[in-house]
Amino acid sequence: QVQLVESGGGLVQAGGSLRLSCVASGRTFSSYPMSWFRQAPGKEREFVAGISWTDITNYANSVKGRFTISRDNANNTVYLQMNSLKPEDTAVYYCAAGRRFSRIETIPISIANWGQGTQVTVSS
């Protein structure tokens with residue numbers, strides 16, 4: 001098990017940028033594939049971006065070219081840089097850890113470790 005704490009959400013105008021951070025507990029962070037999901041009101045939780053333990057990245061089509069996921073294993077942190085934000089990006093964003101030494105998980109039911117979420121609101 002790994003505990004995850006997100007930060008960096010907030011209110012931003014359309015076209016603006018935010019960077020989310022997620023700090024993980026423990027000494028095995030580098031072995032976990034990490035992902036970001038989001039959930040808008042009335043909608044299901046959806047995959048946004050993921051980074052494997054070997055630094056392979058994967059993005060939802062809706063955010064490709066605008067969002068960048070990265071990790072800093074020395075500081076047990078995964079980031080989501082969000083640029084050119086749109087009102088439809090408004091959601092609670094969740095950090096997630098998959099199974100150690102495994103692939104990036106893109107389906108919420110496959111995730112065992114979730115952060116508490118951070119709100120991102122993009123105004124038009």
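The values are calculated or read from the model by the stated rules, or taken from the named source; none is laboratory data. Treat the numbers as computed from the prediction; the structure is a model and nothing was measured. Here the Cβ positions follow ideal geometry from the backbone for every residue, glycine too, while neighbour counts run over all protein chains shown. For the accessible areas, the whole protein counts, side chains as well, though only heavy atoms, and no ligand, DNA or RNA atoms are used. Shrake-Rupley method; radii C 1.70, N 1.55, O 1.52, S 1.80 Å.
Keeping all protein chains in place and using 1.4 angstrom, which order do Ser25, Ser35, Ser124 fall into by accessible surface area, from largest down?
Of Ser25, Ser35, Ser124, the descending order of accessible area is Ser124, Ser25, Ser35.
Treating the beta-carbon of each Lys and Arg as +1 and of each Asp and Glu as -1, no other charges, what is the dipole magnitude of the chain about its Cα centre, to the nearest 20 debye?
For the chain, the charge dipole is close to 160 debye.
Express the relative contact order of the chain as a whole percentage, based on alpha carbon pairs under 8 Å and six or more residues apart in sequence.
37 percent
Restricting to region 11-124, what percent of DSSP beta bridges are antiparallel, rounded to 5?
Beta bridges within region 11-124, antiparallel portion: roughly 90 percent.
Could you put Trp114, Trp53 in order of accessible surface area, largest first, with the 1.4 Å probe and the full protein assembly present?
Order by accessible area, largest first: Trp53, Trp114.
What does the accessible area per residue of the chain come to in Å², with a 1.4 Å probe and no ligands, DNA or RNA counted?
Result: 52 Å² of accessible area for each residue.
Ignoring ligands, DNA and RNA, what percent of the accessible area of region 1-96 is carbon or sulfur (1.4 Å)?
Its accessible area is 46 percent carbon and sulfur atoms.
What fraction, in whole percent, of alpha-carbon pairs in region 64-124 exceed 18 Å separation?
46 percent
Which order do you get for Ile109, Ile69 if you rank them by accessible area with a 1.4 Å probe, largest at the top?
Largest accessible area first, the list is Ile109, Ile69.
Given a 1.4 Å probe and the protein chains all in place, what does the accessible area of Ser84 round to, in Å² to the nearest 10?
60 Å²
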